[in-house]
1. If I model a spin label as a point 7 Å beyond the Cα along the Cα-Cβ vector, how far apart are those points for residue B:34 and residue A:385 in nm?
2. Tell me which GluC sites (Glu not before Pro) from segment C:268-351 have a DSSP coil assignment and no more than 16 other beta carbons within 10 Å of their own.
3. Whole-Hz Karplus ³J(HN,Hα) for segment A:83-96, in order, using 6.51 cos²θ - 1.76 cosθ + 1.60 and θ = phi - 60°, x for Gly and Pro?
4. Counting alpha carbon pairs within less than 8 Å and at least 6 residues apart, what relative contact order, in whole percent, applies to segment C:179-316?
5. Provide the per-residue ³J(HN,Hα) series for segment A:20-29, in order, calculated from phi with Karplus coefficients 6.51, -1.76, 1.60 and θ = phi - 60°, each as a whole number of Hz, with x at glycine and proline positions.
6. Which of C:97, C:80, C:296 moves most in a GNM of chain C, Cα contacts under 10 Å?
7. Report the GluC sites (Glu not before Pro) located in segment A:86-192 that are in a DSSP loop and have at most 15 other Cβ atoms inside 10 Å of their Cβ, or state none.
8. GluC sites (Glu not before Pro), restricted to segment B:35-94: which are DSSP loop and have at most 16 other Cβ atoms within 10 Å?
Amino acid sequence: MEKIGIIGVGATKFGELWKHGLRDLLAESQLKAIEDAGISERQIDMIFTGNMCSSDFSGQSHLGSMAAEILNVNVPSIKVEAACASGSVALRQGLQAIKSGEADIVLVNGVEKMTDVQTRQATTGLMGAGDEEWEGFNGLTFCGLYAMIARAYMHKYKLTREQLAMVSVKNHKHATLNPIAHFHNEITVDQVLNSSIIADPLTLLDCSPITDGGASLILAKEEIAKKFESPIWALGSGQANDTLSLHARKSLTEIPATTHAAQRALMQAKIGIDKIDVTEVHDCFSIAEVMAIEDLGLVPRGDAGKIMEEGLTYFDGKIPVNSCGGLKACGHPIGATGIKQVWEIVKQLRGEAGKRQIHNANIGLTHNVGGTGSTVVVNVFGRERG
Amino acid sequence: MHRQSPILRWRRYPERYRLEGNKCLECSQIYFPKKELCECGCKSFVNYKLKGEGKILTFTEIKSSPEEFSEMTPYCVGIIELEDGPKITAQIADADVTCLKVGDKVESTFRKFTAVGDSGVIHYGLKFKKAKSSIN
Amino acid sequence: MIKKLNIGITGFGCYIPRFRIRTDDIAVANNQNVELIKGALLINEKTVPNKDEDAITISVEASKTALLRAGVSPKMLTAIYMGSESHPYAVKSSSAIIGEVLGVGENFMAADTEFACKAGTAALQMISGMVEGELINYGLAIGADTSQGSPGDALEYSAAAGGAALIIGKNKSEICANILYTLSRTSDTPDFWRRNKQQYPSHMGRFTGEEAYFKHVISTTEAMLNETGFKILDFDHVVLHQPNGKFPLKAAKALGASREQLKYGIVVHDIGNTYSGSSLLGLVNVLENAQPGQKILLTSYGSGSGSDCFIIETTENILEKQKIGKRLINYLSDKQYVNYNQYRQMVKMIH
């Protein structure tokens, strides 16, 4: 089967970027990716832009047109929305456009401008990722939804509050080594436990922040990509969906869409999960990383707490997870997150990850979740075409 | 904004006020909220009023809330497994996080949710509260 | 000669919030002498509505119990009248919301009543008249309030939340208490009022006593006794509007009623003044404890002013109804105290 290569990546700084609007973020990441690939914007056949809340937070719909306008091109350009998985779903549309034969080179963006509205308004807007009519009406926030997952998980698997806090501690440590990360400060377990409660049992430092940012990738079909220097190959991509509302799930302590998406991606890549050298998972809240590494099969069910204590998921550990700092500390500009995860894998596989470089990183995996597990995309990438 | 729309909420009064779900005529599966297509493939349903009793599967206490809930904050929200089968998301009234446990029995109670400013509509609906037998 | 009615109560229910504040705590917060206040009001504690409770939510919970005891489908109700002086909307029917929540359907008459603390018994009279006149088969009358009293005012010690609901019908096999007679007296008396858009009511202090409460409660009850030929001691239970613990005792004494007759009818000591719910909560407590064939005298009072008086007699069915649903005593025992600061936070939202 024909493989697709990533020939360029770009990302803005992540953070509270008061001087940057939606258009600025999109322009910066697009142009960086084009420059990184060393192509002309005229060579791009299609553009896909992952974004969730541009209408709510900036009053701007129709991002497809904005992305094309920035590049002075008139190729098909489409906004893709799947809540926090918008970026990864946009990537999948790009892969499919090439597979279909309609496009040879595709630009995929992820972008979110979040800080132009107050935190409370952002909280309300983000609830669109859940079931607005039931979960939203009942006053739930996304932190509230994951707090309910956390309580159910802690109840079932005896995960301690301290073990949970170690997710954030690790991701903050990683972020200090990533120049684009939102935060560059290390934190302690005590700081996590003593920060203000947002939705019991989760505290402020269990939560990914409200971040502005953009990230872009250039995809090319095999015969074009192989002409570039060190392309990174998309070996497999899987998506699975589940109920919009958390209460409709059979289990509250696992996300089956993760397992299904991973199976599809790994089957395409024809490898097992044990072959993955570097993993980026969706840690919108600390508990989400705990569940992700179990649902992906990186660690046995119920063992994540112990694994955190043993420090195995640090970038220099046996199972490196979220070397970029994750959503927690690199930041979580909703639509950009899925693309930034791929950006990190590309950096790692190219050997360009600087102080956080993982040795012998040949195969990487990204895991991006929309809602409470309503949409999950898992992608597998490799230095070799496979 | 949509959350201030009385019409959007009005449409759901049967579910919101009276726990009206539906039941598949083929396999008897009960749904709340109502579904149009059963997992068994059947499209024929009959209305089914749920009893409003159940137990807490998990819960949280929201301390940082959306704007329209600010006056009610903090408040508890949980996932309730109803005796009739379906699981629903609901606020847990008259409770703080210290007095709740997974497995607590609860029953429905009609309460106010939000009021839109001083001049907007008041949104009502069912919440759940600890059943007498669960109170120490 | 007053007309004897052929109708009765087929279902009854009440609701009071779970939270309470002790009179002591309010007195201390206002730098008042605790014993003096308690001696003057005879109120130990009062109910405090949670932030998500109002007169409508209270009415719904009381009505659910009433429906359960009546044993009829909500669809059989063809009239709902809800009385309150804290209707959550100035314009939008509380009764219509209650009907929707109960699942009454759309085939019912409805309106909200207001006459200070007797809005509930006024609703009961309206429903009674409609059932007696065979305009409807079953009607629901409710009195409920989240009462207001400004901080520091004497009312702050008593203004509480609660309500009661009664289903009236004329099918003898379903009636648990016959309503035999009702009459009212009304006068324009400026003792207590609340203007539009005002958060708290105003009152004329001691004028609310002799010329207002006592005059109307006593004269209306006496008028009823005169019209019907009953003597006060003919009644097993006497229920009077109870803005505090002292007023109904004093009125009962003036009427010649004994403490024994008031045993179940006075519930204010541990609840406070629930305004439109006040005398009806006393009635529900009596119905939850009465024996068959017992006579009940009920006289409400609403400022502004007037009293509604009822003579009610329980039937054999009362015992069966008492076994169903939540009783006032269940609500009284399920309580949680709040301190003064929590209390002010909770009532801040109530209008």
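1. Taking the simple label geometry, residue B:34 and residue A:385 are separated by 5.7 nm.
2. Working: sites: C:288, C:313, C:316, C:320; in loops: C:288, C:316.
Listed in order of number, the matching sites are C:316.
3. 6, 6, 9, 3, x, 5, 5, 4, 4, 5, 5, x, 4, 5
4. Working: 246 pairs, mean separation 49.8, N = 138.
It comes to 36 percent, rounded to a whole number.
5. So the J values, rounded to whole Hz, are 10, x, 3, 5, 5, 5, 5, 4, 5, 6.
6. C:97
7. Values: sites: A:102, A:112, A:132, A:133, A:135, A:162, A:186; in loops: A:102, A:186.
Listed in order of number, the matching sites are A:102, A:186.
8. Working: sites: B:36, B:39, B:53, B:61, B:67, B:68, B:71, B:81, B:83; in loops: B:36, B:39, B:83.
Answer by residue number: B:36, B:39, B:83.
Laboratory data are not the source of any read-out in this text; all were calculated from the coordinates shown. From a predicted model like this one, the values you see are computed outputs, not experimental measurements. Note: ideal-geometry Cβ built from the backbone for every residue, glycine included; neighbour counts use all protein chains shown.
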